[in-house]
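Data first, discussion second: the structure below is written as structure tokens.
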Amino acid sequence: MQLVTFEIVGFRGYRELRKVSLKNLTTFVGKNDAGKSSLMDALDLFFDDSKKLDREDLCVDPNIDTVALTAEFLEFPTELVLDAAAATALNSEHLLFQKEDGQRVLRVVKEYKPGKAADVFVEATAPLLEQGHPILLKQADLRKLGRELGLEESIPAADRVKNPPWRNAIFQHFADAAHGTVKIPIAKDDAKKIWDQIKPHIPYFCLFKVDRASSDQDGEARDPLAVAAKIAIGEREAEINAIVEQVQVRANELVERTLHKLQEMAPELAVGLSPDVSGQPKWDSFKTTLKTEGNIPFNKRGSGTKRLVLLNFFRAEAERRSEEDGRGVIYAFEEPESSQHPSNQRLLLDSFKRLAEGNSAQVLLTTHSPLVAQNLPAVSLRLITKEAQGACPTIEEVSDEGEAELLLKIADELGVLPDNRVRVLVMVEGPNDVNFFENIFTAVSGIDPTVLDIASSPQVALVPMGGADLKHWITRQYLQGFGCVEYHIYDRDCGAEEVAAYQAYVDQVNDADNANTARLTSKRETENYLSSIAIFNELTIEVDVDDQTNVPLAVSQASKLTELAPDMGQGSAKRILNTKVAAGMTAEMLSERDGDGDVVGWFREITAIVQANEN
């Protein structure tokens with residue numbers, strides 16, 4: 001299931017109701033003590049059934065004695081089995097909540113009082129009946145209501161022993177009744193059976209806190225190591241049992257000899273004594289520690305290294321649990337930049353983006369780092385602020401890149417500013433086009449060593465027009481139209497004989513009375529400039545690439561036919577093509593695929609513009 005919204009009230013500083021929408025990648029930004037960690041801890045409390053509310057986590061307010069946490073989910077199971085004879089569905093049971101836009105979600109509410117287990121409810125849009133929601137009626141009362149309404153004959157005789165058909169008949173009878181929000185406790189009867197069917201689908205929530213201990217005996221490190229030991233022991237069980245048997249034989253022999261000697265010296269002590277070595281070795285205390293390069297103990301390494309390793313132990317354990325039962329995973333990382341070198345920060349962010357792209361996991365981050373925030377998609381950002389000490393935090397969301405005022409507020413809050421050395425804005429369609437131009441330079445420079453590396457030049461900014469990270473959006477917002485020359489490159493997305501979607505815009509840019517330039521690819525898109533050899537070298541996938549091949553689709557389909565390559569969707573294929581495959585292109589490969597010299601020509605034109613605007 002996918003978590004789409006979360007509501008919080010009564011937890012720490014959140015004395016008023018706050019609601020936030022969540023995507024596959026969501027980042028909470030804001031200053032220290034704004035309420036980011038509290039939100040993460042509240043999520044952890046919601047998803048961990050073993051936890052109870054700490055009294056100190058209850059909001060300090062005389063009018064508040066309960067914490068209420070609410071989560072809304074999509075991609076819930078379509079069919080639920082209550083017992084061997086009765087199948088049903090959340091929709092037919094009127095257990096889904098209908099939002100204002102008509103979308104139906106599973107809405108789960110958990111209410112906490114200090115030191116007590118949570119009371120769990122499902123809030124649903126259902127007929128407002130005097131008897132309450134039918135799911136709460138005992139079997140006898142349910143059938144009694146059905147008979148009073150004259151519904152028994154409408155139910156097949158074989159189905160009258162099951163509860164779902166009775167409820168379905170009642171819902172149909174009251175189809176025109178007023179509907180509203182009904183709060184349904186799930187503690188007993190069929191409501192509990194349905195909840196027990198839902199729980200295995202709720203994703204794991206795995207919180208990696210910023211202030212956790214960093215040692216190889218940390219829980220997330222110890223658990224995967226223990227699991228690895230358990231698996232290895234299981235694989236060698238027969239051999240281990242043989243060793244145990246040998247140990248028992250030797251031990252018995254030693255004990256027998258000892259008793260014989262004891263009888264010689266103190267026969268009264270040896271009376272009634274006999275060897276008993278029936279106990280089994282205690283493998284659950286198997287202790288494993290980590291050694292690193294140079295045989296240096298893991299615990300003696302730097303804090304950044306320890307945190308990075310533990311973070312990935314944490315991921316490994318979450319993935320193991322998910323693979324065992326098929327549940328999704330929500331990874332929550334507080335301040336992943338802590339103790340990390342900037343280069344490692346960028347690697348981490350790339351990893352988080354890839355995790356989120358896979359659709360099997362959601363990633364939640366918190367940060368107050370400009371470097372981290374500016375390298376994340378603008379639409380993933382959620383700004384948490386407090387107007388004053390003790391005030392209830394406010395959560396503001398970026399729903400699209402058109403929300404200029406909020407994005408500027410986030411930039412100002414974190415100190416994200418454009419690079420004033422930029423002289424040329426290279427405008428492309430999306431993030432994958434940025435990746436292409438950042439990685440194809442090695443091949444281009446092999447053809448013409450005089451061209452500029454536009455990815456590393458401080459005078460050039462690659463700016464996607466859609467799906468932008470915050471830094472790209474800020475660059476575009478501040479610098480577009482303020483003295484920077486624009487160089488636009490867009491995919492043709494069609495054959496050479498057809499009119500490209502961007503043709504009119506390209507003509508408009510080129511016809512304007514300024515120094516701006518626009519170009520269209522002569523091939524379908526940037527991926528068509530890649531060599532099939534480079535694709536095979538990186539992915540061990542054979543695809544034929546011509547000027548009109550849908551290369552991401554071809555790679556995605558081919559990946560499903562081989563055990564050597566990972567099974568990937570078009571999105572993952574597109575990212576890999578524009579990063580790893582583009583980086584693996586040689587000058588010879590590019591010359592073969594780009595006989596007209598499009599790519600080298602773009603680099604030459606951009607280089608010339610930079611040189612003309614150096615002063």
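All of the numbers you see were taken from the coordinates with simple rules; none came from a lab. Computed from a predicted model, the values in this text were never measured in an experiment. Glycine gets a Cβ as well: all are built from the backbone with ideal geometry, and neighbour counts include every protein chain shown.
Worth a mention:
- Shown here is the pair-distance distribution of segment 445-559: with all Cα-Cα distances grouped in 5 Å bins from zero up to the longest one, the shares run 2, 10, 13, 17, 18, 18, 13, 6, 2, 0 percent.
- Both radii are taken from the alpha-carbon atoms of segment 13-57; with Rh as the Kirkwood radius, Rg/Rh is 0.97.
- What the pair-distance distribution of segment 558-606 shows, using all Cα-Cα distances binned every 10 Å from zero, is 22, 39, 28, 11, 1 percent.
- With the charge dipole of segment 417-615 set up from +1 on Lys and Arg Cβ and -1 on Asp and Glu Cβ about the Cα centre, the Cα lying farthest toward the positive end among the listed residues VAL555, ALA612, SER457 is that of SER457.
- Legend: ranking of residues SER21, SER343 from fewest to most surrounding C-beta atoms inside 10 Å; resulting order SER343, SER21.
- Summing charges over neighbours of ASN24, with a neighbour being any other residue whose Cβ is under 10 Å away from its Cβ, gives +1 when K and R count +1 and D and E count -1.
- Orientation-averaged projection of segment 417-615 equals 11.3 nm² [convex hull of Cα atoms, one quarter of hull surface area].
- Radius of gyration, Dmax [segment 479-538; alpha carbons; angstrom]: 14.9, 46
- For segment 2-207, the C-alpha radius of gyration divided by 2.2 N^0.38 Å, with N the number of residues, is 1.14.
- Charge dipole (segment 116-203, unit charges on Cβ, about Cα centre) - positive-most of PRO200, SER154, PHE174: PRO200
- Residue separation of LEU347 and THR540 scaled by 0.36 nm, minus their Cα-Cα distance, works out to 67.1 nm of gained length.
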